[in-house]
Structure formats: C-alpha cells, structure tokens
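Below you'll find the structure, written out as structure tokens, and then a few comments.
Each value in this text was obtained by applying a stated rule to the coordinates, not by laboratory testing. For clarity, every value in this text was computed on a predicted model and none was experimentally measured. Quick reminder, even Gly has a Cβ in these numbers, built from the backbone with ideal geometry, and neighbours come from all protein chains shown.
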Amino acid sequence: MRAALSRDNVRAGLIGGVTVLYLALVGMIERFQDRDVITDVIGLGTLLILIGLAGTGYMASRPPKPRPGRKPVTANPALIGLVAGTTAGVLAGAVILILELLISAGVDVRSVLASVTPGMLSTMEFGLGPVGGALILVGLGAALGAGAGALRLLSDQLRDTVTFTLTAVLLMSLMEPILSAVLDGLSLPDRWLYEGGGLTVLGAVLTVVAAGAGRWFWKEREPQRKEAVALLPADRRTLYRKLAVFAAVAFLVVLPWLVGSFISDVLGTVGLYVLLGLGLNIVVGYAGLLDLGYVAFFAVGAYATGVLTSPASYLVREEGQLFAEKGLTNFWVALPFVVLIAVIIGILIGAPVLRLRGDYLAIVTLGFGEIIRTLVLSDWLAPYLGGAQGLLNVPPPPPEALDLRAPQNVYYLILVFCGIAAFVAWRLSDSRIGRAWAAMREDESVAEAMGVSIIRYKLLAFAMGAGVGSLGGVFFAAKIGSIFPNSFGLLVSINVLSVIILGGLGSIPGVIVGSAVLVGLPELLREFAEFRLLIYGAILVAIMILRPEGLVPNKRRQRELHARDAEAELSVIVTDEATS
Amino acid sequence: MSHLLDLEGVSKRFGGVQAVDQVDFHADQGEIVGVIGPNGAGKTTLFNVVTGFYGPDSGKIRFDGNNLVGLKPNQITKVGIARTFQAVRLFGAMTVLENAMVGQHPRTRAGVFGALFHTSSTRSEEERVQAKAGAALDFFGDRLSPRLNSLASELAYADRRRLEIARAMATEPKLLLLDEPAAGMNPAEKDGLIELIGRLRDEKGYSIVLIEHDMPVISGVSDRVVALDYGKKIAEGTYEEVAANQQVIEAYLGKSATQGQT
C-alpha cells in the first residue's frame, strides 16, 4: 500500500481530476450530456466523467518504463489505480462542492466561468445534490480507478477483450446516425437497437455480448487461424485475397445507398483527405521528405482545373466580359493536363530543396505552400486566377448524369480517384523505386553509396506526390464549383499530415483509417461543433502517446519501433547490472 | 601496367586541417591492400574522396578507365566501387533481403511505368534482383540466409557487419572498400573475417582495400600495406616492411617514446 501511495500516483490522480474539471468548465460535459450513449441510462457527458476517472487509474497503473539507475517500484496496479482514481474524484468533488457553496453564497460564478450552469453541476453530481455528488465522485473515482488498475492484473487476452468491448459499445452508440440510416435504408426495424439517439438497453447488452464473445474467440483462435492460413496452398491464398478485395470493393460501391445523403457527403470529405493523404504519404511516408506545404499541389490542381474548364477563365473570356459561352475544355480532357502541370510544379518546387534535410526542408516547403497562396491572392495573377474574388463557375464533369449535387455521385468520383491513387502508391512502394525511397529515408548517404541517385528519387517523390495531390484539387474544384484562395491555407497541409501520422506513416490502410478518425468522426459529432478542435487535438495527442506508430501501422515501422524499445530495455538491464 | 584504382597527388583540406595530403595510392586487379594509420590520419577521408562523398581539392583519381573526379557517389558505385561504413549503417527498418536488394539498384533500370504496370521486363528484373541479393547473402553460409525477413535492426552485431558486406556485394563491384570491418569483433570472429576477405577475392574476384586498426587482420589478409599519418603516405610495402618502418612506429607510439628507447 505504501508503494501505491507514491507521489507519481497522486500526481496522476490530480492530472485526471483537472482533466475532468476542465472538460466540465469548458462546457463539454454538459453539451455532451444531450446525447445518450444508452438511452435513459447513461449520457455521453456522464460517460466522459467515468472515462476520465477510469482512465486516470488505467494510466497511473501503467507498468513503469525502465530507467537507468532507478529501481522500478512494484505495487499492486489495482491499489495504484485506487489511489489515483480517488485523488481525481476528491479533487473533482471538492471543486464542484466549492462552486456550489460559492453559488449559494450569492457569488456570480458564471461571470468568470460561463459554463458553470445548473445543468453542468447536476451532471457532475449525478443528480444527487452537492454533498451526495461530491461523495459519489470520490466513490466512483475509487471504484473506477481501482477497477481500471485491476485490468492490468488480467491476462492480455482478457484485458484486450474488456477494453475492446467497452470501445465497441461507445462506437456503436456514436455511429447511431450511420447505422440507423443504414437500417432505415434496408427498411429493417431499428427501434430495438437505437432509440432517441442512443443505444437501447437491449442494444447495449447485445453489443457487449457480441463484441465480447467475438473478440475473445478471435483472440483465442488466433494461433490456429495463423497456422491454417500458413498451410493454405499459395493459389488458394491468392484466391481468398482476391475475394476479400472484391468484397471490399462491392461494399464501398453500395455504401452510399445504405447510409443516405448526409453520410455520403461526409464520406466524400473523408475521401478527399484519403486522396491527399495518399499523395503526401508518398513524399513523407515513403521518401521521408517532410513537406509542410503540400496544400500547394492541392491548389495547383484546383486552379489548373478552373482555368482549363471554367467559362470565367481568362483563356476563353473576351475583354470586359465576365463569362464566355463555355470553358476551354471539359473536366475529363483537362484532367491529364492538370496532373501534368502539377507534376512539373512538383519538380520545380522540389529542385531548390534537394540539398535540404529534415527540419530545414519542412520550413522551406512551409514557405512554398504560403507562396502559392499569396501568389494566387496577388494583383499580379488576379487577372488570370481571380485573386480574392476567386475563380467561379467551374462546371461539373460531364455527362449530366454525373450530377455532383448528389452526394452519392461525389462519393463515387472520389472513390475512383482514391482507387487510382492507392493503386499507384501501392505499386510504387512495392518496387525498385519504393526500395530506393525507403533506403533514402533511412540513410541518405548510404543510399547514395548503394547507387541511388538522391536527386532523381527526391524529385520523383515530389512529382508523384504532386500528381496525386492535384487529383484532390481537381475533385475539389469540380465539387465546389468555385475556387477561393482561402481554401488553400496552411491548415490543409497540417490536417493532411496529421491524417497520415495518426494512421501510420507509410501505410495505405493507415491513411484511410486516419481520415475516418480525424475527418469523419468530427463530422459525426457535428452537434458539438464548438468542441471539434478540442476533440481533434485530444485524439492526436492521445494516439501519439499511446500508439506512436499510428493506428494501422506499416508493419516494418512497428517492428522497428518495438525493436528499439526492446533495445532500450536491454541497455537498461545491462547498465543496471553494471552499476549493481 | 595500368592500375585498377589509381590516385595521383590527391589532397583534401577541411578548414585548417589537411586531411589528405598529396597521396599517391593504387590497387591492382585481385589485390588486397591494407590501409593503416593512427586515428585522424585521413584513412576514412581517403575512402570518402574515392567514393565521391567529398571532391578532392587537387589530384587525379582513375578507376578502370574512368575519371572519378566530379562523379557523384551513386555514379561511382555504378562504375564498380562499393563500400562499407566504419559505424555499421544498415537500413534498419528494411528486411535483410531488402537491404541486399537495394544493393542491386545500380544494376537495374525499372522506372515508374514498369512499377505501375508490372511489365514483363520489370517482373523478370525483380526476380533477378531477388536471386542476386539472395546469392550475396548465401555467401555468408547460414548467418544471413535463414533471416531473410528479419529487420536489419534485429540482427546481432556481427551479422550486421556481414550484411553490410553482402549489401556492397550486391552492387556487383570490381573493387570493395571495407572501413574497419573488424571493429567490435571478438578474436574468433576476426579469424572468420580474415578467411572471408580471402574468399571475397578468390571466389568473387574482387580487389579489396581495407582500413583496419587490428594488426593481425591486416597482416593476415594484405598483399600490400599503406600507412598514412596526418594525411600523408608515410610508408608502403609488405606488412613486415611497413611494421618495421621507423616513421610508422613513431606515428603509432609517438616520437618521444621511440627516442626514449634509443
């Protein structure tokens, strides 16, 4: 017990308590309470409190990282969780109690802390009044902290099953808009699963049973399954792989008809980021060139499309006229030229930065991204690109049937683009070129000593990344119909970079999952728009701490990161032995 | 007779330090040349000048009928010089096989089109690359071949050194430059290395230049030894001749020590 009462654990508890209070004081808990996780049982706001308290215990009871010269303190993880969780609960309860006292003493707390509303307080107190609320926060902190810490005592398989099941319930509930739309689309009943925006009790129980049992047996059978797969003859394995790809494609094709217009629209936005992510992944993930100005290629794609297809383009417009009869050419004819232009600009941007590595490269590319935006805004190019007024009336791609006002059609267009980009990225990575890029990323000088022309392969990476990124611009121009410089700010570059880092650098599935999490999830939580950036940031920080290799990591990178951990541990053991 | 590698009056200066000073150096077909000298004598700089990482300030470098001055490192690899590095520098996140496959880069030509459409020439080239990389790894018996799909960073230290040599072999060089291949090896591994270097010449027909501090290794493999000190060549000849050279002894032990002896 004394070991569990260490300063580290109390500090972890204080951090947890402050986090819960912060979420409450910015109003997030109250707003989230409007949405039910399990209808009439638990709201999303309450769940946030519970996650905060349990998470405190879980994080505090992490096995300590070996550090040279320090003997690891061994304490029962459940006790550590108890200490940390209780600390968090005491802190949260105390602050809530103080706020209540101030209010009853007539102090205008809301003039400073605008979110201290009766609703927030009631959520924090679980409807039990000030004293009862404070007590229950302490009690819950102790119970959840100890429970979460006790998870560390379970076998890996059991712990994995428990966390998976809890995550599944949360995700099932958050996906209510999608899944109930799907059930409606299939004219299946959905009242048994969802009611009033959250899961029904029955739905929650079914999710727990299905996810828990499914995960348990999936893990249980893993060795046998791997063995069975290894024993399959090669032609069978390729056949199954082809079937799986076919099923995935079929699913993607019918998806928009299942989920309806709103979700299809969200999928279109996710798809745009998948496309941009695939392109940037070539530059950053494969070739290791940190490019912070990727938006430049997106802008080039959009503006080139506008100039080539819009009737407002200077190429077709008469002097003093606003619009010509029609644009120079149509979308499909323009497409290859746009990509070509982007590739050339990619090479032009790449050429001056060939000598730069790492941080310097990042800063210079950042500059290029801004230069492109400033150029577009400038008076000098205004007659050609429209300046701040933008470039209007970019026509949608023919034929008429491909009406981009229908989100489903937008989705199919971006799906085709993403398919092409993913194919290009996959084939390139799995080739002589991919090997040369990987070698260059690992060690530029050695790659050069192995005969890899650094100049050629850096330029190739920029050119390929630019080509794919311009496809994103083409799509964007055709979808929105008008192009404004504001759409091409630094934030786009940063978002795309976040997507690929979160998903896992160098991993194509990672790009898709990264976009779904960073772009799709906030769209689903649209009702909480004011907290979107907070959630976005929290997701990024959490994943980078808990899973630095990304959500769906490139296998090699994962192995290398873990090999490094093992090496670090080994060196600690060695130095410990040396010092003892 | 013209030499395979021939350096004439090569110099390289970094700021106030004359790292390589008017060095004449050569290596003949099928010869193993040892380069010795105290730390900072300019041995690695000499390698870096030959392989194009630094341009020489003056002097001529010819290899197999080519003028190397002004060529980039990747072009020099292509004309037939491969090297290893003093500190092992493998591509840690790539597998053992992939490391060796990168070595085949200068002997292959597949471009974007071939990569995207898997043309028949690209496919046969990929098969050839795998076969040649595999053959280079097989040269080390059962040290590397059973670990084709391990990451290079997962290998034991001595195997990493072996993989560096295998990767250099995969470039199909005529001349192999080894920078302190015995560093960090135990005596048994050093004996293995001496045998290996002999096999590299006898079975693969490489000419070899190696930098080494370990005198048993130098004496065990070298046909000829060149000693450098302060960037200058101070002695050249058989191991026995160089080891007995007064200037070499002074360079290693310091002038005062030798004076004290006499």
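Descriptive notes on the structure:
- Here is the tail figure for the protein assembly as shown: Cα pairs spaced more than 52 Å apart come to 31 percent of all pairs.
- Per-residue ³J(HN,Hα) for the stretch A:217-226, Karplus 6.51 cos²θ - 1.76 cosθ + 1.60, θ = phi - 60°, Hz, x for Gly and Pro: 6, 4, 6, 4, 8, 4, x, 4, 5, 4
- Centroid-to-centroid separation of the stretch A:120-173 and the stretch A:286-346 [C-alpha atoms, Å]: 53
- Neighbouring partner chain Cβ atoms per residue of B:67-74, average, 10 Å criterion: 3
- Chain B - share of DSSP beta bridges that are antiparallel (%, nearest 5): 55
- The alpha carbon radius of gyration of the stretch B:1-66, expressed as a multiple of 2.2 N^0.38 Å, is 1.10.
- For the stretch A:235-546, a crude dipole built from +1 on the beta carbon of Lys and Arg and -1 on the beta carbon of Asp and Glu, taken about the Cα centre, is about 820 debye to the nearest 20.
- Estimated dipole of chain A in Debye, rounded to 20 [Cβ of Lys and Arg +1, of Asp and Glu -1, Cα centre]: 1580
- Neighbourhood charge, 14 Å Cβ-Cβ cut-off, centred on A:Val270 and excluding it, Lys, Arg +1 and Asp, Glu -1: 0
- Eligible lysines near A:Lys242 by straight Cα distance, threshold 27 Å, same-chain separation 8 or greater: A:Lys219, A:Lys226, A:Lys555
- Computed from Cα positions, the angle between helix B:187-204 and the longest principal axis of chain B comes to roughly 70 degrees.
- Loop-located chymotrypsin sites (Phe, Trp or Tyr not before Pro) in the stretch A:372-420, at most 15 other Cβ atoms within 10 Å (DSSP): A:Trp380
- Between the helical axis of A:555-579 and the longest alpha-carbon principal axis of chain A there is an angle of about 50 degrees.
- Helix A:490-503 and the long axis of chain A differ in direction by around 60°, with both axes built from C-alpha atoms.
- Distance between the stretch A:413-489 and the stretch B:147-172 - C-alpha centres, whole angstrom: 30
- At most 15 other Cβ within 10 Å, DSSP loop - trypsin sites (Lys or Arg not before Pro), the stretch A:177-248: A:Arg191, A:Arg221
- Compactness of the stretch A:133-272 as Cα Rg over 2.2 N^0.38 Å, two decimals: 1.39
- In chain A, helical runs assigned H by DSSP with n ≥ 4 each contribute -39500 (n - 2.57); averaged across all residues and rounded to the nearest 500, the mean residue ellipticity at 222 nm is -23000 deg cm²/dmol.
- Positive minus negative residues near B:Leu137 (Lys, Arg vs Asp, Glu; Cβ under 14 Å): +3
- Against the empirical curve 2.2 N^0.38 Å, the C-alpha radius of gyration of the stretch A:235-546 lands at a ratio of 1.01.
- Of the GluC sites (Glu not before Pro) found in the stretch A:300-386, the ones in coil according to DSSP and having at most 14 other Cβ atoms within 10 Å of their Cβ are A:Glu318, A:Glu319, A:Glu325.
- Other residues whose C-beta falls under 12 angstrom from the C-beta of B:Gln75 contribute a net charge of +2, scoring Lys and Arg +1 and Asp and Glu -1.
- In the calculated pair-distance distribution of the stretch A:1-153, the portion above 19 angstrom amounts to 53 percent of the Cα-Cα pairs.
- The lysines within cross-link reach of B:Lys174, meaning a Cα-to-Cα straight distance under 30 Å and a gap of 8 or more places when in the same chain, are A:Lys458, B:Lys12, B:Lys43, B:Lys60, B:Lys72, B:Lys78, B:Lys132, B:Lys190, B:Lys204, B:Lys232, B:Lys233.
- Within the protein assembly as shown, antiparallel bridges make up roughly 60 percent of the DSSP beta bridges whose residues both belong there.
- Computed [θ] at 222 nm, helices only, for chain B once each DSSP H run of length n ≥ 4 contributes -39500 (n - 2.57): -12000 deg cm²/dmol
- With contacts taken as Cα pairs under 8 Å at a separation of at least 6 residues, the stretch A:157-231 carries a relative contact order of 41 percent.
- The mean number of partner chain beta-carbon atoms within 10 angstrom of a residue's beta-carbon across peptide B:102-108 is 6.
- A cut-off of 5 Å between modelled amide H atoms, ignoring neighbours fewer than 5 places along the same chain, links B:Val35 with B:Leu210, B:Ile211, B:Glu212, B:Val226.
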